[in-house]
Amino acid sequence: MSRARADEEEYWHSSKFRAFTFDDEDDELSQLKESKRAVNSLRDIVDDDDDDLERVSWSGEPVGSISWSIKETASSSTSSLEGRDSSLQKGSSSYAAFPKQVSSYSLSSLFKGRNKLPSFQSLSDALSDTGIKNYAPELRKPKADYKDYSSDWSPKDTVRRMQRGKVCSLERFRSLQDKLVLLDEAVAGHDGNVITAVLIFLKRTLRREILFRELEVRQVALCHLIHFLKETGEQKLLLDLLRFLDRTEEVALSQYREHLNIQDVEKRREFLKGCIGLPFSAEDTSHIQDHYTLLERQIIIEANDRHLESAGQSEIFRKYPRKASILNMPLVTTLFYSCFYHYTEAEGTFSSPTNLKKTFKIPDKQYVLTALAARAKLRAWDDVDALFTTKNWLGYTKKKAPIGFHRVVEILQRNNAPVQVLQEYVRLVEDVETRLNLATKYKCHDVVIETYRDLKDRIQLTAYKCKVERGSAEEDKINSILNN
């Protein structure tokens, strides 16, 4: 009895409050220690059957853990001094954009669900309600951010938000009528990205027949979808759409375009052969036929030239080795190759330039330009001369160029033709001013002197005398003309 009385006396005479001093501060460390002791005292009371329902806070600590509870308690004690942090500007991509919340949960409320009171609850309150278990709620986004995912937007509002780059869910548009209204609003907005996004949604959620039928009366959206399918390579859906629209020529062209994906030459040749019977226009059918014939020629020429090059039986292949295969090359490249390696062959061979010209109906201008470039690169000036020499019915020869001799001079000069060859073709330029400009530019002195002589321009001839070398043949020629 005496011991009990002593304990009672000690209880009534003791106090947990200390006297005031200037050093006495409500510091965070003391509160953290007190909170930790309180949490440790609850570990034997709280039921931990739901440990597998662990949640994680922004700091990486599991929500509801002891370390997280201590940090929450510390933040609540300092929040009254610091105030609520102002939220960052809306639109930030980091998690710092969420406003900092002030914790109002006590240790008991963290474990027992008492989260309605603004202040800490006592330990007795926690012990009196052990059957209730709840964890602290996760940190959530501001309410304004949830407006982007609202299901109450009309089709017009949805399109406007998509134009501003907002995230909008289109899944709420379930009926066909709502989807078509959404598509019409997207087309009315004149935004290609929004139209494409809505079309992708419709392509995913509608049957093909329904989608094609509705797009048939919406030409803008139809053009967008066709372009999108071409860009993404959805060939099967594109062909089905074109067949539904009865665009037979576009179906044929789309099928013909598939040859670009065939790498094997023999398979490509067979594919092109099958494309000849497709419903092309008359002009396109001619092009497909030429493409097939050209590839067939290239296969024959490539096999023959590869054999000649490996065997070393041809001088031109030894002197100028081939840099690439001729397979799948354009017609002009094939003609240049033929003029370079097979210029003197008879017309009856597949690799003859004249055979190619006749088979594919190459215009004279194109043939002369290509042959001139090939023979000038080989510095075969006799072949260049023969290319422009023609005979009339009386047997007289005359030089004639369907491309104009000023272009001939430019091509010859790019291939480093000698001055004697250049002068011969500069003289053939009909326009006097053009002839003088070319002759002066490429230092064809004889042509300049002869032109000024024919023009009887003594002043220009005297001035040009200063541009030639002293004691040269050109100076003597000028003096002779001036003396006469």
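Below is a table of values for the structure above.
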{"read-out": "Residue list for the stretch 417-437, filter: part of a loop (DSSP other than H, G, I, E, B), within 49 Å of the chain's Cα centre (by Cα) and surrounded by 15 or more Cβ atoms within 10 Å (Cβ to Cβ)", "value": "417, 429"}
{"read-out": "Residue list for the stretch 160-187, restricted to those being in a loop (DSSP other than H, G, I, E, B) and out of contact with any helix residue (DSSP H, G or I) (no Cβ under 9 Å at 6 or more places or on another chain)", "value": "164, 165, 175"}
{"read-out": "Residue in the stretch 135-181 that is modelled with the lowest pLDDT, counting only those that are open to solvent by less than 90 Å² (accessible area, probe 1.4 Å), more than 33 Å from the chain's Cα centre (by Cα) and within 22 Å of residue 215 (Cα to Cα)", "value": "154"}
{"read-out": "Selected residue (only one of 312, 233 is within 29 Å of the chain's Cα centre (by Cα) and surrounded by fewer than 17 Cβ atoms within 10 Å (Cβ to Cβ))", "value": "233"}
{"read-out": "Long-range neighbours under 7 Å by Cβ, at least six apart or interchain, first residue closer than 13 Å to residue 201 by Cβ within the stretch 159-186, second crowded, with 17+ Cβ neighbours inside 10 Å and among the acidic types (Asp, Glu)", "value": "159/185; 180/214"}
{"read-out": "Helices (runs of 4 or more DSSP H) (entirely within the stretch 438-484) containing at least 1 residues that are over 26 Å from residue 417 (Cα atoms), aliphatic (A, V, I, L, M) and open to solvent by 90 Å² or more (accessible area, probe 1.4 Å)", "value": "445-455, 458-465"}
{"read-out": "Residue that is surrounded by the fewest Cβ atoms within 10 Å (Cβ to Cβ) [pool: residues in the stretch 215-228 that are touching a helix residue (DSSP H, G or I) at 6+ places or on another chain (Cβ under 8 Å) and outside any helix (DSSP H, G or I)]", "value": "216"}
{"read-out": "Those residues of the stretch 238-277 which are assigned to a helix (DSSP H, G or I), within 24 Å of residue 297 (Cβ to Cβ) and touching a Lys or Arg at 6+ places or on another chain (Cβ under 8 Å), in sequence order", "value": "259"}
{"read-out": "Tally, over the stretch 309-348, of residues that are of a type in the set (Lys, Arg) and in a helix (DSSP H, G or I)", "value": "2"}
{"read-out": "From 212, 280, residue being in contact (Cβ under 8 Å) with a residue 24 or more places away in the chain, assigned to a helix (DSSP H, G or I) and touching a Leu at 6+ places or on another chain (Cβ under 8 Å)", "value": "212"}
{"read-out": "Residue count for the stretch 266-283, restricted to those that are open to solvent by 70 Å² or more (accessible area, probe 1.4 Å) and at pLDDT 90 or above", "value": "4"}
{"read-out": "Whichever residue in the stretch 284-309 is of a type in the set (Asp, Glu) and farther than 23 Å from residue 253 by Cα and, among such residues, is most open to solvent (accessible area, probe 1.4 Å)", "value": "309"}
{"read-out": "Residue count, the stretch 238-265 (criterion: within 16 Å of residue 225 (Cα to Cα), open to solvent by less than 70 Å² (accessible area, probe 1.4 Å) and in contact with a helix residue (DSSP H, G or I) (Cβ under 7 Å, 6 or more places away or on another chain))", "value": "8"}
{"read-out": "Only listed residue being of a type outside the set (Asp, Glu), surrounded by fewer than 18 Cβ atoms within 10 Å (Cβ to Cβ), closer than 30 Å to residue 285 by Cα and more than 45 Å from the chain's Cα centre (by Cα), chosen from 380, 346", "value": "346"}
{"read-out": "Pair list, Cβ under 8 Å, 6 or more apart: the stretch 405-416 residue within 14 Å of residue 439 (Cβ to Cβ) and open to solvent by less than 70 Å² (accessible area, probe 1.4 Å), other residue of a type in the set (Gly, Ala, Ser) and assigned to a helix (DSSP H, G or I)", "value": "412/376"}
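The values are calculated or read from the model by the stated rules, or taken from the named source; none is laboratory data. Nothing here was measured: the structure is a model prediction, and the numbers come from that model. Using ideal geometry, Cβ is built from the backbone for each residue, glycine included, and neighbour counts are taken over all protein chains shown. Heads up: the accessible areas ignore ligands, DNA and RNA and are worked out on the full protein's heavy atoms, side chains in. Shrake-Rupley method; radii C 1.70, N 1.55, O 1.52, S 1.80 Å.
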